[in-house]
Each structure stands twice: as structure tokens, then as C-alpha cells.
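Undergrad: Have a look at the structure that comes next, please.
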Amino acid sequence: MKIAVCDDDRTTREQIASLIREQEPDAEVVTFEAGEEMIKSQENFAVSFLDVEMKEISGIDVAKHIREEQEKRGRDKSIIIFVTGYREYMEDAFDVNAFHYLVKPVDEKKFHTVFNRALKEVFAKTKLKKLSVIIKYNGMQKKVLLKDIYYIESSNKKVVFHTKDGKIDTYGSMDDWEAELGDSFYRCHRGYLVNLEKITAYNVDTIDLINGDSLILAQKKYSDFIKAYMRYAKDGGIVNV
């Protein structure tokens with residue numbers, strides 16, 4: 001996935017690029033310090049972060065060019081997120097169907113929330129499925145393939161990944177990981193995220209996995225779980241039941 005950051009302020013440009021790489025390590029981030037550079041690149045980015053006020057060509061004008069090119073070439077509308085210190089441009093942002101609007105200085109928590117929503121929309125549109133995730137633990141980063149994860153468990157303010165190679169403890173919220181992992185995982189209980197590929201059997205209150213473990217299925221979620229599992233199977237997911 002290619003993501004553009006166009007901002008004439010170096011500090012902001014580098015901050016946003018760093019936040020993107022932190023949240024989506026597999027993304028290819030391309031930075032521009034001027035709108036003219038981005039237009040000349042003729043690249044089709046999945047997500048574009050645009051500063052509104054830049055020299056020569058504003059972020060609004062860059063966004064208009066992006067939309068015109070997408071219309072002309074019959075491309076799907078990509079996600080545009082404006083980053084600026086001026087709230088008065090919000091109306092112009094809506095005119096080019098902007099996804100969101102971030103105010104400088106960029107708040108990291110707000111950025112992660114907005115970018116996470118943007119990623120979910122990109123994956124939904126293109127039906128791309130992540131093949132791996134980066135897990136931080138013991139001061140290191142570990143790349144783990146999704147197919148190697150059985151389930152994720154919330155335990156004592158930590159998140160525990162149960163994988164074919166053992167357990168991996170890390171910090172984070174189940175909500176964040178649920179959004180990160182997408183539709184091939186299901187939140188069967190507030191304390192569990194199960195890889196649908198690893199399910200061998202289920203009933204109204206239990207899910208059995210290929211590694212021999214059994215997880216609690218919240219009874220109020222049974223109907224929703226069935227729908228999610230059927231949708232997963234219909235979309236070509238691996239079924240072991």
C-alpha cells in the first residue's frame with residue numbers, strides 16, 4: 001500500500017511519516033514538500049495526507065487534481081486526510097470528499113484513531129488481507145504471520161498472542177488489535193479474539209480450536225458470530241469445521 005505525505009513543514013512531514021510506519025510497517029510511505037512534486041509524480045496513493053496551506057499549490061488544489069484524475073481514469077476515490085493549523089478550510093475539505101481533517105499540532109492519539117479508520121476502509125474497498133502483524137515485546141519487534149496465530153487473549157493489562165511457536169506477550173488494547181486484524185479474526189468474548197481459520201467446532205457458548213484449546217463464546221454474540229463465520233467462509237476463508 002502506498003501512502004503520501006505532502007507538507008512543506010519538515011517537522012510535521014517527518015512526524016506523520018513516522019506515525020504511519022509505526023502503525024502500518026508494511027506501507028510504502030512517499031513524502032513530498034510541495035504540491036507540485038506530488039502532482040508530477042502521477043502516483044495513485046491509497047491514502048494521502050495533505051497540508052492545506054503550501055506555497056504555489058495548496059493542499060485543496062492537490063486534492064482537486066487527485067479527484068479529477070480519478071474521475072478521468074475511472075479509479076475508485078482514494079482517502080484524503082487534510083493536516084493544517086487552520087480550521088476555516090473544513091468546508092473546502094468536504095468539497096473534495098475528504099475522509100478527515102487533522103489540526104496541527106498533530107495529536108498522536110487522534111492520528112492513530114483516524115488512520116486506523118482509514119486503513120479499515122482501504123482494506124474493505126480493495127479486499128486486501130494483511131498477511132502479518134508486527135508485535136512489540138521485550139524491547140523488540142517481531143513479525144508474526146496471521147496464519148500462525150490461534151487466538152489473542154487479554155490478560156492482566158497485557159495482550160497475549162497464542163501462536164504455533166508459543167505465547168507472545170505485548171501491551172495494547174483488544175479494541176486496537178481487533179481493528180488491526182480485520183475480518184479473519186472475531187471477538188468472541190471481551191477477552192478473546194479468535195482466528196476463524198483455526199476453528200474446528202463451536203456451539204452456543206464454546207469455540208474449539210485446532211490446537212486443542214477451547215474459548216468462551218459469549219451467548220449474546222452467538223448469532224453475530226454465525227453471520228461473521230458464514231461471511232468469512234463465503235469470502236474464501238479456510239474452514240475446518
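Rule-based calculations on the coordinates, nothing more; no lab input. Nothing here was measured: the structure is a model prediction, and the numbers come from that model. Cβ: placed from backbone, ideal geometry, glycine included. Neighbour counts: every protein chain shown.
Undergrad: Please report the antiparallel percentage of DSSP beta bridges with both residues in the chain, rounded to the nearest 5.
TA: Numbers: 29 of 47 bridges.
Bridges in the chain are about 60 percent antiparallel.
Undergrad: Something else about it: Calculate, for Lys55 and Arg231, the FRET efficiency according to 1/(1 + (r/R0)^6) with r their C-beta to C-beta distance and R0 45 Å; round to the nearest 0.05. List each step's numbers first, then the result.
TA: Working: r = 48 Å, r/R0 = 1.07.
Step by step, r from the Cβ atoms, then E = 0.40.
Undergrad: Shifting gears a bit: Only sites in a loop by DSSP and with at most 15 other Cβ atoms within 10 Å count here; which trypsin sites (Lys or Arg not before Pro) in the range 182-241 make the cut?
TA: Arg190
Undergrad: Rounded to the nearest 500 deg cm²/dmol, what is the calculated helix-only ellipticity per residue at 222 nm for the chain, with -39500 (n - 2.57) per DSSP H run of length n ≥ 4? Let's see the in-between values first.
TA: Working: 7 runs with 82 residues, N = 241.
Value at 222 nm, helices only, nearest 500: -10500 deg cm²/dmol.
Undergrad: Next question. Given the pairs Lys120/Lys221; Lys2/Lys77; Lys167/Lys221, which are separated by over 18 angstrom at their Cα positions?
TA: Lys120/Lys221; Lys167/Lys221
Undergrad: Rounded to two decimal places and with Rh computed the Kirkwood way over Cα pairs, what is Rg over Rh for the range 136-234?
TA: On the way: Rg = 13.1 Å, Rh = 13.8 Å.
We get a ratio of 0.95 for the range 136-234.
Undergrad: Give the cross-link partners of Lys104 among the aspartates and glutamates, using a straight C-alpha distance below 18 Å as the criterion and excluding same-chain residues fewer than 8 apart.
TA: Within the straight-line limit of under 18 Å, Lys104 reaches these aspartates and glutamates: Asp7, Asp8, Asp9, Glu14, Glu33, Asp51, Glu53, Glu88, Glu91, Asp92.
Undergrad: Let me ask something else. Just one of [x] 14.8; [y] 17.5; [z] 16.4 is mean projected area of the Cα convex hull in nm² as worked out from the coordinates here. Which one is it?
TA: Answer label, from the structure shown: [x].
Undergrad: Report the Cα-based extents of the range 2-126 along its three principal axes, largest first, to the nearest Å.
TA: Between the extreme Cα coordinates on each principal axis of the range 2-126 lie 35, 33, 26 Å.
Undergrad: What distance in nm lies between label points placed 7 Å from Cα along the C-beta direction at Ala218 and Asp183?
TA: Calculated label separation equals 2.1 nm.
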